[in-house]
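Structure first, commentary second.
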Amino acid sequence: MQVDHSNPITLSRFILQDKDIVQNNDLCILFNSIELACKVISSAVRRAGLTGLYGLDGSTNSTGDDVKKLDILSNEIFINSLRNSTKIEVMVSEENEDPIWVEGVSGCKYGIAFDPLDGSSNIDCNISTGTIFAIYAMKNTGTRRQISDILQPGRQLVAAGYCMYGSSTQMVVTYGKGVHGFTLDPTIGSFILSHKNIRIPANPKTIYSCNEGNFALWDAPTQQFVQECKNAPKPYAARYVGSMVSDVHRTLLYGGIFFYPADKKSKTGKLRMLYEAIPMSFIVEQAGGLSTNGTQRVLDLNPVHDLKANFLTLTITQIHERTGIFLGCNRDVNRILELYAAQK
Ligand code: P6P
């Protein structure tokens, strides 16, 4: 896409000019806050080596991962910017055990789940990282606040996006009308429309992306799929960054498949439903692709579900719930679905 530098289309202008959304100024204001947070995080990430922000700060986050200083800072940046937006009632962050309820804004339309700096294990070796977010409509805007408002199936998402801190800083967003990419122009400090209406290629590249070190832990359909990729007449290329934003971004632009299945060690998968799997699945489907956990569409998974054990029914309302995921072009995800269906 050719960018007209004399008439740049910023994220705000792009949203405001969309007739479906322009009445929804709240969402425009919310995206402005997200944009500001991502610009500040991008600046911190790019200066990390100079400001000593690398390395662990010694704590562990709500999910037991070692926390890097940039994680903490990115989380604070995102929380502060969203709180100042006055449009968010509740936040779920990978870095916080419990939901963050914003005071003085009850009756807001939105809740948000985010991973402020996904792929942070790559920070010290300067591999790209990213911010992932999912915006939910609060069902109950009454005074009684309940986390079930944000524990909704992904098909009910209002919007989703990620910001990738790679060779350039790029934000990819969807609010249900296609997927659009904006590149940060550091000379003017604005995200400029650079990839309008991103679609997974109709002739997708043959790429599979996974942590193949887990091969022995996978179940048979996943193992068979990888063997088929290797034995194809034109063998697939293996590409894996280990940073979900990077691996999904490449899959979105080139095609192929990214997956992190549930396995013998991580029986419910590794990636988080609310702020990794669901937002990325919404984006990939909006770009013409598919996303499944092997048997179900990820956007149909319900984060609130009952666990029956010994005549007890425990309702799981884990905001850090995990899931297996296979996402990408129809050719490859449909093959996964066939292999899992044949296993039944
Ligand atoms: P592994 C990063 O820690 C992350 O959450 C995702 O960004 C990435 O896709 C995955 O974990 C990598 O996990 O086990 O391959 O290091």
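Just so it is clear, none of the values below were taken in a lab; they were calculated from the coordinates. Keep in mind that this is a model prediction, so the values were computed, not measured. We place every Cβ from the backbone using ideal geometry, glycine too, and count neighbours over all the protein chains shown.
Assign one of three labels to the stretch 207-342, namely rounded, prolate or oblate, based on the Cα gyration tensor with a ≥ b ≥ c the square roots of its eigenvalues; rounded applies when a/c is under 1.5, prolate when it is not and a/b is larger than b/c, and oblate otherwise.
Taking the square roots of the gyration eigenvalues as a ≥ b ≥ c, the stretch 207-342 is prolate.
Starting from the amide H of PHE191, placed 1.01 Å from N in the peptide plane, find each other amide H under 5 Å away whose residue is 5 or more places distant or on another chain.
Long-range HN contacts for PHE191: LEU11, ASP185.
If packing is taken as the average count of other Cβ atoms within 10 Å, what order do 181-188, 35-42, 2-9 fall into, highest mean first?
Per-residue Cβ counts within 10 Å, averaged per peptide and sorted highest first, yield 35-42, 181-188, 2-9.
Relative contact order, percent, of the stretch 207-342 when contacts are C-alpha pairs under 8 Å separated by at least 6 residues? Numbers along the way, then the final one.
Details: 217 pairs, mean separation 39.6, N = 136.
Relative contact order comes out at 29 percent.
In whole Å, what is the distance between the alpha-carbon centres of the stretch 93-132 and the stretch 180-209?
Result: 22 Å between the Cα centres.
Of all DSSP beta bridges located in the chain, what percent are antiparallel, nearest 5?
85
Efficiency by 1/(1 + (r/R0)^6): what FRET value for ASP20 and ALA341, r their Cβ-Cβ distance, R0 = 51 Å, to the nearest 0.05? All intermediate terms of the calculation are to be shown ahead of the outcome.
On the way: r = 37 Å, r/R0 = 0.72.
The value I calculate is 0.90.
Residue separation times 0.36 nm, minus the C-alpha to C-alpha distance between HIS195 and TYR240: what's the value? Intermediate values should be presented prior to the final figure.
Values: separation 45, 0.36 × 45 = 16.20 nm, distance 2.31 nm.
Between HIS195 and TYR240, full extension yields an extra 13.9 nm.
Looking at the chain, which Cys residues are left with no other cysteine's beta carbon under 4.7 Å from theirs?
CYS28, CYS108, CYS125, CYS210, CYS229, CYS329
Taking 0.36 nm per residue of separation and subtracting the Cα-Cα distance, what length does fully extending ILE29 through LYS139 add? Let's see the in-between values first.
On the way: separation 110, 0.36 × 110 = 39.60 nm, distance 1.98 nm.
Full-extension gain reported as 37.6 nm.
Place a +1 charge on the Cβ of each Lys and Arg in the stretch 191-287 and a -1 charge on the Cβ of each Asp and Glu, then give the dipole magnitude about the Cα centre in debye, rounded to the nearest 20.
My answer is approximately 140 debye.
When GLU321, GLU94, GLU276 are ordered from fewest to most other Cβ atoms inside 10 Å of their Cβ, what list results?
Ordered from fewest to most neighbouring Cβ atoms within 10 Å, GLU321, GLU94, GLU276 come out as GLU321, GLU94, GLU276.
Check which residues have an amide H placed less than 5 Å from ALA159's amide H, if you skip close sequence neighbours.
ILE135
Relative contact order for the chain: what percent, with Cα pairs under 8 Å and sequence separation of 6 or more?
Over the chain, the number comes to 15 percent.
Hey, if you put +1 on the Cβ of every Lys and Arg and -1 on every Asp and Glu Cβ in the chain, which of GLY119, VAL226, ILE147 ends up farthest toward the positive end of that dipole?
Of the candidates, VAL226 comes out farthest on the positive side.
Calculate, in nm to one decimal, what LYS265 and VAL3 gain on full extension: separation in residues at 0.36 nm each, minus their alpha carbon distance.
Taking LYS265 through VAL3 to full extension adds about 89.6 nm, to one decimal.
What is the chain by shape, rounded, prolate or oblate, if you read a ≥ b ≥ c off the alpha carbon gyration tensor as root eigenvalues and call it rounded for a/c under 1.5, prolate for a/b larger than b/c, and oblate otherwise?
It is rounded, given that a/c, with a ≥ b ≥ c, falls under 1.5.
Can you check how the C-alpha radius of gyration of the stretch 11-198 compares to 2.2 N^0.38 Å, as a plain ratio?
With N residues counted in the stretch 11-198, Rg over 2.2 N^0.38 Å equals 1.01.
Pull up the DSSP beta bridges for the stretch 1-128 and report the antiparallel fraction as a percent, rounded to 5. Spell out each step's value before the answer.
Numbers: 4 of 9 bridges.
Here the antiparallel bridges make up roughly 45 percent for the stretch 1-128.
Given charges of +1 on the Cβ of Lys and Arg and -1 on the Cβ of Asp and Glu, with all other atoms neutral, how large is the dipole of the stretch 207-342 about its Cα centre, in debye to the nearest 20?
About 240 debye.
Search the structure for amide H atoms under 5 Å from the amide H of LEU301, placed 1.01 Å from N in the peptide plane, and list their residues when 5 or more places away or on another chain.
Sorted by chain and number, the residues that satisfy this are GLY154.
Please report MET244, MET1 as a ranked list, fewest other C-beta atoms within 10 angstrom at the top and most at the bottom.
Ordered by Cβ neighbours within 10 Å, fewest first: MET1, MET244.
Can you list the HN-Hα couplings for the stretch 324-334, worked out from phi with the Karplus curve (6.51, -1.76, 1.60; θ = phi - 60°), rounded to whole Hz and with x for Gly and Pro?
Running phi through 6.51 cos²θ - 1.76 cosθ + 1.60 with θ = phi - 60° gives x, 8, 10, 9, x, 6, 4, 3, 7, 5, 5 Hz.
Please list, in order along the stretch 122-135, the HN-Hα scalar couplings obtained from phi with the Karplus expression 6.51 cos²θ - 1.76 cosθ + 1.60 (θ = phi - 60°), rounded to whole Hz, x for Gly and Pro.
Each residue's phi maps through the Karplus curve to give 8, 4, 5, 9, 6, 8, 4, 10, x, 10, 10, 9, 9, 10 Hz.
Under unit Cβ charges (Lys, Arg +1; Asp, Glu -1), what dipole magnitude, rounded to 20 debye, does the stretch 11-198 have relative to its Cα centre?
Rounded to the nearest 20 debye, it is 740 debye.
Tell me, LEU82, LEU327, LEU299 in order of fewest to most beta-carbon neighbours within 10 Å? Before the final figure, lay out each step's value.
On the way: LEU82 24, LEU327 29, LEU299 18.
Fewest-to-most Cβ neighbours within 10 Å comes out as LEU299, LEU82, LEU327.
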